[in-house]
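Data block below; observations after.
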Amino acid sequence: MAIDTSAHQPSRAEEEVVDLVSRLIRFDTSNTGEPTTTRGERECAEWVASVLEEVGYETTYVESGAPGRGNVFARLPGSDPSRGALMLHGHLDVVPAEAADWSVHPFSGAIENGYVWGRGAVDMKDMVGMMIAVARYFKVENIVPPRDLVFAFVADEEAGGKFGSQWLVEHRPELFEGVTEAVGEVGGFSLTVPRPDGTERRLYMVETAEKGMRWMRLTATGVAGHGSFLHEDNAVTVLSRAVARLGSHTFPLVVNDSVAEFLSAVSEETGLDFDPASPDLEGALAKLGSIARIVGATLRDTANPTMLDAGYKANVIPRTAHAVVDCRILPGRLAEFERTVDELIGPNVTREWITGLEPYETTFDGDLVDAMNAAILAHDPIGRTVPYMLSAGTDAKAFAKLGIRCFGFAPLQLPPDLDFAALFHGVDERVPVEALRFGTRVMEHFLMHA
């Protein structure tokens, strides 16, 4: 059931959000993971600052640990300064995109067929656009929220935040003075499920937890030599076997509190059995469609090899070979995860952590959660907010170090048949125009009652 908006009078924020998202996408802020080749963050951050200053905000521009890594902060005072401030945070960088693979140019910001297209449309210039639109609307109309709002636009999230949120938390904690709660990306989007009576319910998935993110380097060392000889100690062969064992291993199923609450809510709405003790829980999740990939990845640890590096000439056996593995680890599982990895790679391969970001989890309760649910219901009577765990990570990992309670809530009402999970870092990334307008309406309501 779609919401009847025929009598709805859109606010200034709703009227300009689509254009704002399109303009944001036109900034190529591709983050390669290497500071020398990452680009565009400064230009995008300066533009964000300009459109906020245009309506009267005082902004703070900060470069986080390296030239060009631009971040912008703005604060809107609330009616009750004694309350902790609420921060809305969004990252300006995106993962790279190969234009030849796309239907439209990935940095065109094209508005076609009811969608805004381009890299970052869902990760996460959609929410950044909603943040800017609502911030401008509140300022122009002299709308005073119940508590201080901090709008943070940051760099380098796609590479773990070393030159973004992590640096800011360590070196500029005063930017977050008074902030007690925060909302960011990968939450608030809808999942449409069937009910036993033939109706449907839209579940809006609020992120309350994230797996830990750790990148691991594996190294095998052997004997260098001529490629034509017999070699029993070939580093490439040793590493390849270790990588294959690790990459094909299935870690045990573990259901934590956030996942259990999500499964319980889905069972309640659909009448389907998502019992965590079921031997075919993952098979049952497949009935949820494309979103099952996100949820399924929160049921167990993962270790996915992503990079291989060895050798310098076709006829030379190299002395060393290296691999990088992307590990996502559930809360409380690190020690057991490391023990399993050591068994799988064997004694002839060494490992080291090259990036380590801790898991995060909060409870699905309190006034802020109530405000999220009320905002959804105000604009979608068949909506319901439910908690879930994100299999990836966000800047919340950094902000939680300051004691800030973090959620993922970037509301989008999505078409039931849209493969939303595939759009993250995918080809032809796009966001529905109506989803942006809906999300902006919800965000306005939420911030006026949070």
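Sequence neighbours fewer than 8 away in the same chain don't count; with that in mind, list the aspartates and glutamates whose C-alpha is under 13 Å from K211. Counting by Cα, and skipping residues close in sequence, K211 has these aspartates and glutamates nearby: D257, D301, D326, E358, E361, D395.
Stretching V55 away from D309 to a fully extended chain increases their span by 86.4 nm, per 0.36 nm per residue minus the current alpha-carbon distance. Once C-alpha pairs closer than 8 Å and six or more residues apart are averaged by separation and normalised to the residue number of the chain, the relative contact order reads 23 percent. Looking at the chain, the accessible area is 41 square angstrom per residue; that uses a 1.4 Å probe and ignores ligands, DNA and RNA.
Could you tell me the calculated FRET efficiency between E336 and Q9, based on Cβ-Cβ distance and R0 = 45 angstrom, to the nearest 0.05? Numbers along the way, then the final one.
Numbers: r = 56 Å, r/R0 = 1.24.
FRET efficiency, E336 to Q9: 0.20.
Using equal-weight Cα scatterers in the Debye expression, the normalised intensity of segment 213-357 in log10 at q = 0.12, 0.16, 0.18 Å⁻¹ is -0.61, -0.86, -0.99. Relative contact order of segment 139-232, taken over Cα pairs closer than 8 Å and 6 or more residues apart, is 13 percent. Both numbers refer to the Cα atoms of the chain; Rg and Dmax are 23.1, 80 Å.
Per residue, the average separation of C-alpha pairs within less than 8 Å and at least 6 apart gives segment 213-357 a relative contact order of 47 percent.
Once the C-beta distance of V427 and T36 is scaled by a Förster radius of 35 Å, the resulting FRET efficiency is 0.85 to the nearest 0.05.
How much length, in nm to one decimal, is gained on full extension between R195 and H322, taken as 0.36 nm per residue of separation minus their Cα-Cα distance?
Numbers: separation 127, 0.36 × 127 = 45.72 nm, distance 5.01 nm.
Length difference between fully extended and current span is 40.7 nm.
Within the accessible area of the chain, the carbon and sulfur atoms contribute 50%, probe 1.4 Å, all protein chains present. Among beta bridges from DSSP that stay inside the chain, the antiparallel ones total about 70%. Remark: spin-label model distance S228-H249 equals 4.0 nm, labels positioned 7 Å along the Cα→Cβ axis. Modelled label positions at H171 and E268, each set 7 Å beyond Cα in the direction of Cβ, lie 4.6 nm from each other.
The values are calculated or read from the model by the stated rules, or taken from the named source; none is laboratory data. Please read all numbers here as calculations on a predicted model, not as lab measurements. All Cβ positions, even for glycine, are placed from backbone atoms using ideal geometry, and neighbour counts span all protein chains on display. Ligands, DNA and RNA are excluded from the accessible area calculation, which covers all protein heavy atoms including side chains. Shrake-Rupley method; radii C 1.70, N 1.55, O 1.52, S 1.80 Å.
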